[in-house]
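This report refers to the structure that appears directly beneath it.
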Amino acid sequence: MQKSLILFAIMTVCVACGPSIAEFENLKNENAKLQSEIDSLNQELDAYKYSPEKLFADAQSAANNEDKETLAKILEQIHKYHPQASECDKVQRLLDGVIAKENAQKEAARLKAEKEKQERLKAVNRLKKKNDDVQGITWYYNPYFTHYTNTNLVSLYMGNNESSVWLRLMMSYTGDDWIFFEHAYLSYDGITREFPFNEYQDKKSDNSGGSVWEWIDLGVSNDDLVFLKEMVNGKSVKMQLRGKYTKTRKVSTNEIKAIKEMIMAYEVLQAERQ
């Protein structure tokens, strides 16, 4: 009994301390009013944020940046908030323009790739071919000149068999006097690369009728190939053979063209193996 009286007293105090029913109703009404004001402000904010003018301005910015995804999102918003606004058609045209430009760029890239492919195939077909039935090798030589050993030339030629395709580099000198070269260099626009060789395996010499000639015939490494691909686009390409004496000469347009096409043909045959 005593415990019940104590509990009743506590509840009476709590009720007495809390807000009355009228006060509670007033608080409830004020809260509803505040919520209504907040909703109204949010609607005003959304009206600005998603106004046709604002959305179209954002769409123009996205179109300038060729941002197709953002344009599509803006188009969705303007249809949602202002389906009757004239900006709907304007944003649609902006999106269509970006898509058309993207498709045109893809088509241009496709045509360019196809043209490059055809040029590479032509490079292969232009080469002179010599079949070695005994070794099972097809040798490819450039079509612009024959690189005899008694000439002042640089060139690439290519071998192809069932298992691999490879490039070889020839550099040759002819003149009245020996130069006994021990080092071979190619350079373009001041950038130089040495092509080391074994004097007894890669180099040969001969003479006839008062003329002498020296030449090297060596394999092309991946690093060599990277250099050669850059070299053929150089403005001033030179070959230098240096030993007891030095011979430096400018590489001709035909030599550069022949090297470039041999590299293209090599890449075509390499791609066929992948």
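Note on the range 15-86: enclosed helices (runs of 4 or more DSSP H) holding 3 or more residues that are modelled with pLDDT under 80 are 21-49. The residue pairs whose first member lies in the range 65-92 and is closer than 12 Å to Y50 by Cα, whose second member is part of a loop (DSSP other than H, G, I, E, B), and whose beta carbons are closer than 6 Å, counting only pairs six or more residues apart or on different chains, are Q77/Y50; Y81/Y50.
Checked against the criterion of being of a type in the set (V, I, T), open to solvent by less than 50 Å² (accessible area, probe 1.4 Å) and under 18 Å from F197 (Cβ atoms), the range 239-248 has no qualifying residue. Residues that are out of contact with any Gly (no Cβ under 6 Å at 6 or more places or on another chain) and touching a residue at least 40 places away in the same chain (Cβ under 8 Å) do occur in the range 103-119.
Collect the residues in the range 115-129 that are surrounded by 12 or more Cβ atoms within 10 Å (Cβ to Cβ) and within 23 Å of the chain's Cα centre (by Cα), keeping them in residue-number order. Residues satisfying the conditions are K117, E119, R120, L121. Considering E214, E199, the condition of being more than 23 Å from N142 (Cα to Cα), free of Cβ contacts under 8 Å to residues at least 60 places away in the same chain and not β-branched (V, I, T) is satisfied by E199 alone. When you scan the range 162-180, do you find a residue that is closer than 14 Å to R242 by Cβ, open to solvent by 30 Å² or more (accessible area, probe 1.4 Å) and either among the aliphatic types (A, V, I, L, M) or over 32 Å from the mean Cα position of the chain (by Cα) (or both), even just one? Yes - at least one qualifying residue is present in the range 162-180. Taking G209 as the residue in question, decide whether it is free of Cβ contacts under 8 Å to residues at least 24 places away in the same chain and farther than 20 Å from Y141 by Cα. Yes: the conditions hold for G209.
Condition check for D189 on (1) open to solvent by 60 Å² or more (accessible area, probe 1.4 Å); (2) at negative phi: one failure, at (2).
In the set (1) of a type in the set (G, A, S); (2) open to solvent by 40 Å² or more (accessible area, probe 1.4 Å); (3) closer than 17 Å to E267 by Cα, S155 fails one condition alone, (2).
The values are calculated or read from the model by the stated rules, or taken from the named source; none is laboratory data. In this text, all values refer to a predicted model and were calculated from it rather than measured experimentally. No Cβ is skipped: glycine too gets one built from the backbone with ideal geometry, and neighbour counts run over all protein chains shown. Ligands, DNA and RNA are stripped out before the accessible areas are found, and what is left, the full protein with its side chains, is counted by its heavy atoms. Shrake-Rupley method; radii C 1.70, N 1.55, O 1.52, S 1.80 Å.
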